[in-house]
Amino acid sequence: MSGVNAPVAAPTNIEEVEQLVKRLYQPNSPKIIQEINNQLQHLQLSSDGWQMADTLLGSNDSTVRFFGALTFQVKLNNDGPSLDHSTAQTVLTRLVFWLVQVSHDRDAMVCRKLCSALTTYFLRSPFIWKRPLQHLAMSLQNGNAVVEAPVENSSTDISMILRDLDSYQIITLLWFSSTLADEVGKVDPNTAANAQMHTLMETIVRNASALMQHAFTNQGGEETNSASSEALKCFLNWVNYAQPVWQKKPEGLEVLRALIEPAAHCLTIPDLQRHSLDVFRDLLESYTTFFQPEHLHLLAQIIDTYIQPVLLQGLQDKDPEVLPYGQMVIALGVATVTQVVEEPTNQYGSINMVKLQFEILKAPGYPGDDDELSIQAIEFWNTYIEHLNDQIFSSDHDVELPPYLDHSKAVLTQVVELLWAKMVIPPNDVSKDWGSDQSDGFKDFRLDASDLMLSICVCLGQSMLKQFIDMTLQSLHSKQWRNLEAALFCLNILSENIIENQSSTVEDGIRPIFSSSLFREVGDFSQSMPAQTRRTAIDMLGSYGQYVERHAEYLPDALRFLFASLETSLCNSAAKSISSLCSTCRVSLTSELPGFLDQYKRFLKSPTSDSYTKEKVIYAIACIVQALNPESAKVQPLHALLENIENDIQAAKEYNDAGEAGMVEVLGITALKCLTSIGKGLQVPEDVVINIYEEDEGVDVARDRFWQSGEGQAIQERIMGCFSVLQIVGAHGDAIEAACDVLRTGFAETEPGPFVLPPTVTVSFMQQCTLRTPQLETVLSTACTLITQHSRQNSVQIDAEATAICQQAVLFMQQLGNPSLDPGVAQSCIDVFGRLQDRYTHIFIDEASPIATDLPSVLNFMLQAIEGVEPFPKRAALQVWTRLIKPTTNKISDSIRERSAQIVVAYGPQLTGALIRQIAGMAWRSELDYICEPLKALVMNQPATKLWLEAAMTNDSFPCVHEAVDDAAKRRFIQQIMGLRGDLRKMRDVTKEFYAACRGTVLSYNRS
Amino acid sequence: MATAAQGYYELYRGTSIGLALADTLDDLISSRRIEPQLAMRIMQNFDQSIASVLGEKVKARMSFKAHLDTYRFCDEVWTFVIKDVKFKLDNGQFVEAERVKIVACQSKEKQQ
């Protein structure tokens, strides 16, 4: 060991090489190991590499022999294709010789490496190795490498040779056969060079099959079982090889199919069972059509006799080792689902399979914790119901329903009950020991089971609803709260299907739940009950909001329960359901408004009132306010709601004076978020009824004016007053974002309302911002939305405000200087000019516009953005330029159109130069499609484009590109681009071709 | 496992992560740090990995309602064009879109 840390000198003889190899595999510093590796790699790649490899394989040390085999492989990979015939034969003979020797010595590691090296010979040698397995088998039988040529012509049946070999020699052949199938499978069969190799495999498979057959049929001892185990791996590799390559060559596949029966026999041998289960499951899942009906029948019989007893016992014992047994059953079930569904009286094909699938779901344990199989069993039932639903719904209406439907429905009813039992939450003493993995696993199971239930509901319909209602009422009656929770959870899953179906049968079906004592029971907080049960009951009110809306008699009980829950640990769920219920049932709840306002005021003093709950509940109340009529009725409740917000703002200011920054931030931002919630609540619902027969148009006019004068205006002023909170929280991005949200709530409205503030409010908010304002891009994007809203037909044109927004954007651009300094702000500023099209184009273009003098700086900023590295400002700038170049289809004045054209002509050479530099390699490949847009617009609209392109190509600023791109290539590119007038797809292809040539990269990463 | 010869769908190359990988590979080829053949192999590995990662690791789910405008099944690929789509996300949030095209391919690693 003295030499371990010695410096690494180049070895001068084979003994030193051996020493170096041994040091490579000893613990050492990474630097030394790297140095040794470099030295050895240097030797491997040298012309003496072959000789060195051969000598090292004669060593007594296993690691040295391994390195020898590795060196052969490296040499073959590098020099294999250029070997002459004599060298190739020598290499093959030496490799076979060493394999025979090493197999005799039973050195598994080296043996496997030699198998890999021989496979590399098969792949890389320019000379065909026609019968590798026969050659190796004869050599092993002979105890030395035999010459390959006679082997090619030998008529000896390989099975005869195999009888003379011991188990280890058989295993050696299996290793080679396995590696061969695996490695050749990685070679593309669709090229002429490789086609011959794949054709050869069609012959080799016969020897491989004889070899595997030999291993499968000679079982018994420990060593022969090892051979069978290797044969299973080999079998899997050959089938994996055959699947894509022999789709249209049934002969090869038949040879492999003949092995299914002997391989399946391994499932009956306890020592081989585990491994064979994995192999068969893999094949069933990935290549079902490999199995013929008789094979599937055989597997079903084996499962019945050999797998079932182990599975059932393991399920009862909650033994984790049972997993592969269950997985096999599930895989076979999925593979034979047609038979399982359509032949319900078939003992092996259906009855036994369904029974076992039930047993998996019946097993004790919680999914995600000590029950892994239930989660996987869902895949089988998904396949089952998918097949059944296909059969029911894909046939014509006048065709009779399938005869097995009643049986399938009975099966599914049982599945539903078993799933429900599995979805029951664990008691506290179990769940308290759960980590996040178990909890997440259980939640995932419930979600997967939910999806399955929805599919089953398509088939079972009303009867499934009744099943859950009975379960709910029974659990409620017996006060089995966890069972109740699972039943409610299932009813929630089905809510959308139930609500959509407004038939009286369904309505009557769900009635017993809402008219039961459910909400009184769960609302009785003196009763001990899992919090999850109450939470799911709360969710139910959200899920069935539309039903409750149609049955207002259930609302008081429900809301009483929800408001009571607000002051408990269930506050978040309760707040969410209140918001959903009040939004849906707003019209029915207007009479309750005063009570709700009082309850909200009381709730604000509760410790559970936080940002989330406050936002949800205030939104809920605002929804009810929205339903009030006329507009004047909304004033008082809105004053009450705004008062709560102002109280928060006042408290924030007081905390600010006291220097408590944390509280200032929380209260200030919450106040703005609550304000947004009120705004959203007041938005007119999308499905509101519009009275087109309104006789008195004066009503509309009065409403229009209401919010701009008197009481209405007072509300708006109070809303705007809330922005004063920005004086103390304006440095927080969240606050700026929340303020923008408040402004946006009014943008979506088409009718005047309390939050439909004058556009000047948005403009003045933007004008107060600087480059240092956090979330400035959100402010700019809000301004963009304002312009878009006022670009619609019938909307008020806001020239003055749009001009002010542009001026502010120009100011930001000028202050920024370079777009890459703040890509977010740069993109948003450019977007402002993009939004001006088409109604406000004149603000950008007109010589009389207040920003006319700033136009050059804006255009230069956008040129800079195109040449910058930041993708988003670049895309925004490319879009604006495209719109500027393309003549607009909308009505704009001739003078504006003329001025646009003048601008494009003036900036054409600069813009073209920027685009060409990008195409010549300065851009990313992913940006080329965007760059083609303005290029296409130029080609289509500007006659001078060709001249500009030629100038750009010869300009000094044209980047240094790959030597293959000469002047002729540049000219050809210009000709192609000009010739493809308007064909964007082809233009993109040509551009990508030129780009790849300039960068010296591949034209495309696609195979086709 | 499926190999390059067996082939994986290339549809994820158009995603932002696929485009970013292509951009990076271009850089590596241009600067002669890798050969184009290796870049192609990396891209093929990406096809395999993204498909398995999306299949196995992504737990998020959503549901949607829409009007089915067009559907077709060609070369083992389903295409649906749906209109007025309302997506419901895991957290209960809704996202709306006027028109969505869904391209669905065989998810098994080894197509049968």
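Here, each number is a calculation from the coordinates, and none is a lab measurement. None of the values given here were measured: they were computed from a predicted structure. Here the Cβ is made from the backbone with ideal geometry for all residues, glycine too, and neighbour counts use every protein chain on show.
Descriptive notes on the structure:
- Applying 1/(1 + (r/R0)^6) with R0 = 30 Å to the Cβ-Cβ distance of residue A:258 and residue A:41 gives a FRET efficiency near 0.10.
- Rounded if a/c under 1.5, otherwise prolate or oblate - segment A:131-271, Cα gyration tensor axes: oblate
- Taking GluC sites (Glu not before Pro) in DSSP loop conformation with at most 14 other Cβ atoms inside 10 Å as exposed sites, chain A has its longest uninterrupted site-free stretch at A:1-399.
- Over all other residues within a Cβ to Cβ distance under 14 Å of residue A:808, the charged ones net out to -3, with Lys and Arg as +1 and Asp and Glu as -1.
- Rounded FRET efficiency, nearest 0.05, which uses the C-beta distance separating residue A:684 from residue A:869 and R0 of 30 Å: 0.10
- Nearest-0.05 FRET efficiency for residue A:1004 and residue A:857, computed from C-beta distance (R0 51 Å): 0.80
- Ranking of A:596, A:280, A:861 by neighbouring Cβ atoms within 10 Å, starting from the fewest: A:596, A:861, A:280.
- Each of residue A:727 and residue B:16 was given a label point 7 Å from its Cα along the Cα-to-Cβ line. The distance between the two points is 4.0 nm.
- Pairs with C-alpha atoms separated by more than 29 Å, drawn from the list A:601/B:65; A:479/B:59; A:874/A:986; A:422/A:614, are A:601/B:65; A:479/B:59; A:422/A:614.
- Label-reachable residues, segment A:967-1008, where backbone N falls under 12 Å from a point 7 Å from residue B:105's Cα toward its Cβ: A:1006-1008
- Nearby aspartates and glutamates by direct alpha-carbon distance to residue A:318 (threshold 14 angstrom, same-chain neighbours under 8 apart not counted): A:359, A:369, A:370, A:371, A:372
- Around residue A:338: net Lys/Arg minus Asp/Glu count, Cβ-Cβ under 13 Å: -4
- Residues of type aspartates and glutamates that residue A:233 reaches as a straight line, Cα spacing below 12 Å, ignoring anything fewer than 8 places off in the same chain: A:182, A:278, A:282
- Spacing of the two label points (7 Å from each Cα toward its C-beta) at residue A:815 and residue A:629, in nm: 4.8
- Anchor residue A:653: aspartates and glutamates whose Cα lies under 16 Å away (excluding residues fewer than 8 positions away in-chain): A:643, A:665
- Cα-based equivalent ellipsoid of chain A: semi-axis lengths in Å, sorted from largest, via gyration tensor: 66, 49, 28
- Counting every other Cβ atom within 10 Å of each residue's Cβ, A:635, A:96 order from fewest to most as A:635, A:96.
- The ellipsoid equivalent to the alpha-carbon distribution of segment A:875-1008 has semi-axes of 27, 16, 13 angstrom, derived from the gyration tensor eigenvalues as √(5λ) and listed largest first.
- P(r) histogram, all alpha-carbon pairs of segment A:758-892 included - 5 Å bins from 0, percent: 2, 11, 22, 25, 22, 13, 5, 1, 0
- Spin-label pair residue B:95-residue A:749: with each label point 7 Å from Cα along the Cα-Cβ axis, the two points sit 2.9 nm from one another.
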